[in-house]
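> I'd like to ask you about the structure that follows.
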Amino acid sequence: MAGKTKRAALLLTPDQETMLKRLAGSRTAPVREVERARILLGYAQGIPITDLARRIGVSRPAIYTCIDKALAAGVPMGLRDAYHRPHDPEISDEARAWVVSIACTKPREHGLAAELWSISGLARFVSEHAGAAGFPRLAHAGKSTVWRILDEVDIKPHRIRYYLERRDPDFDRKMHEVLMVYRDVSLRAEGVGDERRPDPTYTVSVDEKPGVQALGLTAPDLPPVPGKAQGVGRDYEYVRHGTVSILAGIDLHSGHIFANVEDRHRSREFIGLLGRLDAYYPPDAVIRLVLDNHSAHISKETLAYLATRPGRFEYVHTPKHGSWLNLIECAFSKMARTFLRHIRVDSIDELKERILKGVDEFNEAPVVFRWNRFDLGLV
């Protein structure tokens with residue numbers, strides 16, 4: 001009998017004793033670990049097994065098992081459950097692989113309406129089709145079983161991980177062209193220009209920010225109240241007055257921002273921005289535009305206008321899905337984080353006025369981007 005076996009004394013190091021005392025007094029550790037810590041401490045102090053069973057409230061066989069594991073493999077093993085597998089797993093590797101293969105498909109591929117699997121939906125599908133697939137043990141599989149199978153291979157079919165597909169075969173070439181433009185601007189700022197290019201050349205990053213909403217209040221804002229309300233109080237509801245588009249460009253040499261606020265962003269609105277740039281710069285200068293392939297930039301109307309200004313404008317296109325290469329996006333981001341943030345207006349006209357006023361405030365302290373060799377990927 002295990003209880004009649006003469007057992008050796010359990011000698012604890014100071015660190016082990018400190019650890020067991022901390023665990024024995026823990027209110028957050030699992031109960032079984034707290035009990036085992038108390039067993040080992042009591043046994044090391046020479047307390048009889050009968051007294052330990054009475055104090056801790058566990059059976060004598062449980063105490064013997066804990067002590068035997070600690071004496072055989074050390075104190076940490078005495079605190080743990082012994083791993084054992086009494087019989088071979090009922091769910092075979094082939095059945096697990098089948099569940100994983102189903103999870104790697106979409107529900108609509110199996111005639112269902114959902115776009116992604118939920119764990120409950122996947123478990124239901126597995127249990128319904130396991131028999132026909134030759135895995136009868138999965139016929140009663142629940143969510144926890146399916147979850148464990150997927151967790152072993154780190155599959156989470158209910159989540160979406162977004163990525164950016166490069167659909168432009170000339171992405172690298174166009175990106176290099178844009179970066180070389182920025183490098184040229186940087187060199188010109190240092191007084192080192194490209195003798196092969198016309199002088200003067202002004203570089204402007206151009207793009208549109210459509211869908212800026214004109215939202216109005218349904219009730220007046222409430223001001224902060226010291227000691228009561230820390231921030232502005234605002235009614236949850238709002239009024240939609242419509243949307244506007246911001247057509248803007250930023251001079252990469254001076255940081256000056258050009259902005260037109262329009263109801264739409266068609267070719268005629270883009271031509272209006274080009275006309276503004278044409279009137280702003282000296283008539284003998286070349287205006288180099290960094291812009292994307294939006295239809296308004298290359299439409300028949302726009303090309304007809306450019307034909308009336310031969311040699312005046314020069315396009316440098318960013319690659320598809322490469323809007324982050326266009327520096328005007330930094331200006332749009334600054335607008336969204338400053339005067340457009342939480343903005344409320346009474347009309348579209350007021351929104352246009354506020355946007356133009358915000359751009360004027362930017363131009364009072366223009367920001368010029370300065371590039372170094374690390375930014376341009378030249379080292």
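The values are calculated or read from the model by the stated rules, or taken from the named source; none is laboratory data. Remember, predicted model here, so these are calculated numbers, not experimental data. Counting neighbours? That spans all protein chains shown, and the Cβs are built from the backbone with ideal geometry, glycine included.
> Just checking, how many residues over segment 220-236 are aliphatic (A, V, I, L, M) and either surrounded by 11 or more Cβ atoms within 10 Å (Cβ to Cβ) or touching a residue at least 40 places away in the same chain (Cβ under 8 Å) (or both)?
The qualifying residues number 2.
> Return the residues of segment 140-165 that are among the hydrophobic types (A, V, I, L, M, F, W, C) and at pLDDT below 90; say none if nothing qualifies.
Across segment 140-165, the qualifying residues are Ala141, Leu164.
> Take the residues of segment 2-42 that are of a type in the set (S, T, N, Q) and within 46 Å of the chain's Cα centre (by Cα): which is surrounded by the fewest Cβ atoms within 10 Å (Cβ to Cβ)?
Across segment 2-42, the extreme among qualifying residues is Thr28.
> Moving to a separate point now. Which of the helices (runs of 4 or more DSSP H) found entirely inside segment 1-76 contain at least 2 residues meeting this: touching a residue at least 60 places away in the same chain (Cβ under 8 Å)?
60-73
> For segment 286-293, check the following and say yes or no: at least one residue is surrounded by fewer than 18 Cβ atoms within 10 Å (Cβ to Cβ), on the phi > 0 side of the Ramachandran plot and more than 35 Å from the chain's Cα centre (by Cα).
Within segment 286-293, none of the residues are surrounded by fewer than 18 Cβ atoms within 10 Å (Cβ to Cβ), on the phi > 0 side of the Ramachandran plot and more than 35 Å from the chain's Cα centre (by Cα).
> So, one more: Quickly run through segment 122-144 and pick out the residues that are surrounded by 14 or more Cβ atoms within 10 Å (Cβ to Cβ) and polar (S, T, N, Q).
Hit for segment 122-144 is Ser127, nothing else.
> Go through segment 335-372 and give me each residue that's closer than 24 Å to Ser205 by Cβ, aliphatic (A, V, I, L, M) and part of a helix (DSSP H, G or I).
Result: Met335, Ala336, Leu351, Ile355, Leu356, Val359.
> Out of the residues in segment 334-373 meeting the condition of being touching a residue at least 40 places away in the same chain (Cβ under 8 Å) and among the basic types (Lys, Arg), tell me which one is surrounded by the fewest Cβ atoms within 10 Å (Cβ to Cβ).
So the residue we want is Arg370.
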